[in-house]
Amino acid sequence: METRLRAALQAAPELLPRGSCVVVAFSGGSDSLALLHLLRALGESWPLKLCAAHFDHGLQPESAAWAARAADLCRRIEVPCDVGRATGLTGGPAEWRAARYAFLAEARRRAGADRVALAHQRDDHVETVLLNLLRGPGFRGLAGIPARRGAFVRPLLGFAREELRGYLRASGREWARDPANRNPRYRRARVRYGLLPALAGHEPSIRRQLTELGRNAAVAEGGLEAGVRRLLSSAGYGKSAGGAQIARSLLLGYDRAARGRMLRRVARDMGFLLSRRGTRAGASFIDTAKSGHGVDIAAGLRVEREFDRIHVRRVREAPPDREFDIDGVRAGREPVRLGGRDYEVRWGALEGTERWATALPVDGIRFPIRVRGPQPGDRIRTRAGSRKVAKLLMERRVPASDRSGVPVVADADRRVLWVAGHSRTAVEPAHPGGAWFAIGFTERRHRHHDSRGT
């Protein structure tokens, strides 16, 4: 067993690099107990710095005793054990899994470890392939359990459950048995103890066939993902801190299935998993979207069209705008927030460093002046006539997502005097030589750069 594990690590050295620090996810069950002892037994032939992490879900009356036993077992073999306990878990397996993985990630951080080793083995993999087959997934689901996902690795996928238990029995080691594993309330238990044995009674090679199905699906998924990367590259795929953008005209050259797969790849790059509904909504939106519109494709993720670009963005709750009034010509300065963008506005006396600045005839405007973002129905009177501010910004190709952050200056009569960076009203002084009111904006956090100024 130890020789086989060493050979598996030599064939895939990125799983557990020699000399790395590894947190072993240790439940005390047969699989995790075998994993811990096998990794210890590798010794100098594959040196690893080992520690363990046990998560008590708090769902069984005996769980605290199991946690104490797991910690004691680790202590006896001189492996440090980080024990965590959940409180208030009321959901099902998905919630328990999320809590467990969050604990393991934190245990890895505390230990300064390179990897978290999970004890999933070949039978778990076969069950996962079958469970996903029943759900009707694509190749990704049929591929089953991956050997590695980020820092989480599974070195035992080449071993069967009974092999691992035989290894423990041969050395006289006992493992904890969780009765919940046989509870028919859970789909995996029904598959493990009901469906799979029944299928094996009719087709003895079913486990081998499902293993082969998973392997072929993984190969197919890898090929499709490589193709998607190439398609995205040809479509001008570009990533930024807040999201990604793709050329819509090139996306329309592919069918919806290909566009859906590209969206799923972009979403995964951003840390999101798309449902089928979200994928369909995004792929359909690319077909029919108007510039300035968008659709949510997952909680916290949105697809938007801006002219000839498709943007995939994280959705964050924007802080509220901070608007204010200027009561007169006396010089001053004030911070302002518009559409999630922060500015400092100065008036009366400027420093010459403002990003946008203009001057207005004092006798041609009525105070107080309001500094705010664009509002529905806003119009500005230019030398060419009255224009809608929304249309002005669209013609200036300001993305719809950025328009709420464009400063607008309006007077007490609600006349738009200035759209900063774009257009000033055609207001003239009533008397030659009259006073002028200067106003300017400096952006504190540059989210969108536009060199045009007025």
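The values are calculated or read from the model by the stated rules, or taken from the named source; none is laboratory data. The structure presented is a predicted model; accordingly, all values stated were derived computationally and were not measured. Here Cβ is always computed from backbone atoms with ideal geometry, including for glycine, and neighbour counts include all displayed protein chains. Ligands, DNA and RNA are stripped out before the accessible areas are found, and what is left, the full protein with its side chains, is counted by its heavy atoms. Shrake-Rupley method; radii C 1.70, N 1.55, O 1.52, S 1.80 Å.
If you go through the range 428-446, how many residues are closer than 30 Å to Gly340 by Cα, in contact (Cβ under 8 Å) with a residue 60 or more places away in the chain and of a type outside the set (Ser, Thr, Tyr)? Summing the residues that are closer than 30 Å to Gly340 by Cα, in contact (Cβ under 8 Å) with a residue 60 or more places away in the chain and of a type outside the set (Ser, Thr, Tyr) in the range 428-446 gives 8.
Condition check ((1) touching a Gly at 6+ places or on another chain (Cβ under 7 Å); (2) not polar (S, T, N, Q)) across all residues:
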| site | (1), (2) |
| --- | --- |
| Arg108 | no, yes |
| Asp114 | no, yes |
| Ala119 | no, yes |
| Arg122 | yes, yes |
| Thr128 | yes, no |
| Ala147 | no, yes |
| Arg154 | no, yes |
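Of the residues making up the range 229-254, those that are open to solvent by less than 40 Å² (accessible area, probe 1.4 Å) and part of a loop (DSSP other than H, G, I, E, B) are Ala235, Gly236, Gly242. Residues considered: Ala359, Ala331, Ala384, Ala349. Of these, the only one that is aliphatic (A, V, I, L, M) and open to solvent by 70 Å² or more (accessible area, probe 1.4 Å) is Ala384. Return yes when Arg337 is assigned to a strand (DSSP E or B), touching a residue at least 40 places away in the same chain (Cβ under 8 Å) and either under 25 Å from Ile310 (Cα atoms) or open to solvent by 70 Å² or more (accessible area, probe 1.4 Å) (or both) and no when it is not. No.
When the range 31-44 is filtered for residues that are crowded, with 18+ Cβ neighbours inside 10 Å and either at pLDDT below 95 or not in a helix (DSSP H, G or I) (or both), only Leu42 remains.
Conditions (1) in contact with a Phe, Trp or Tyr (Cβ under 8 Å, 6 or more places away or on another chain); (2) under 19 Å from Gly158 (Cα atoms); (3) among the charged types (D, E, K, R), marked per residue:
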position	(1), (2), (3)
Thr3	no, yes, no
Ala8	no, yes, no
Ala11	no, yes, no
Leu16	yes, yes, no
Val23	no, no, no
Ser30	yes, yes, no
His54	yes, no, no
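Scanning the range 171-188 for residues that are of a type outside the set (Asp, Glu), surrounded by 13 or more Cβ atoms within 10 Å (Cβ to Cβ) and assigned to a loop (DSSP other than H, G, I, E, B) gives Arg173, Trp175, Ala176, Tyr186.
A count restricted to the range 362-391 and to residues that are hydrophobic (A, V, I, L, M, F, W, C), more than 19 Å from Ile439 (Cβ to Cβ) and touching a Ser or Thr at 6+ places or on another chain (Cβ under 9 Å) stands at 0.
For Asp342, the requirement of being open to solvent by 70 Å² or more (accessible area, probe 1.4 Å), under 36 Å from the mean Cα position of the chain (by Cα), among the acidic types (Asp, Glu) and within 30 Å of Gly292 (Cβ to Cβ) is not met. How about the range 255-271: which of its residues are surrounded by 17 or more Cβ atoms within 10 Å (Cβ to Cβ) and either of a type in the set (Val, Ile, Thr) or more than 15 Å from the chain's Cα centre (by Cα) (or both)? Listed by number, the residues that qualify are Arg259, Gly260, Arg261, Met262, Val266.
Residues in the range 211-228 that are polar (S, T, N, Q) and open to solvent by 30 Å² or more (accessible area, probe 1.4 Å): Asn216 alone.
Restricted to strands (runs of 3 or more DSSP E) entirely inside the range 356-395, those with at least 2 residues that are farther than 12 Å from Val419 by Cα and free of Cβ contacts under 8 Å to residues at least 24 places away in the same chain are 385-388. Restricting to the range 61-79, and then to whatever is over 18 Å from Arg173 (Cβ atoms) and assigned to a loop (DSSP other than H, G, I, E, B), can you tell me which residue is least open to solvent (accessible area, probe 1.4 Å)? Applying the filter and picking the extreme gives Glu62.
Filtering Gly58, Gly19, Gly92 for residues that are over 26 Å from Arg177 (Cα atoms), open to solvent by 20 Å² or more (accessible area, probe 1.4 Å) and not β-branched (Val, Ile, Thr) leaves a single hit, Gly19. Leu274 fulfils the conditions (1) open to solvent by 40 Å² or more (accessible area, probe 1.4 Å); (2) within 14 Å of the chain's Cα centre (by Cα) except for a single criterion, (1).
When the range 313-326 is filtered for residues that are under 15 Å from Val371 (Cα atoms) and either modelled with pLDDT of 90 or more or open to solvent by less than 70 Å² (accessible area, probe 1.4 Å) (or both), the ones remaining, listed by number, are Glu323, Phe324, Asp325, Ile326. The residues on offer are Ala99, Ala105, Ala119, and the sole one that is in a loop (DSSP other than H, G, I, E, B) and either free of Cβ contacts under 8 Å to residues at least 60 places away in the same chain or open to solvent by less than 50 Å² (accessible area, probe 1.4 Å) (or both) is Ala119.
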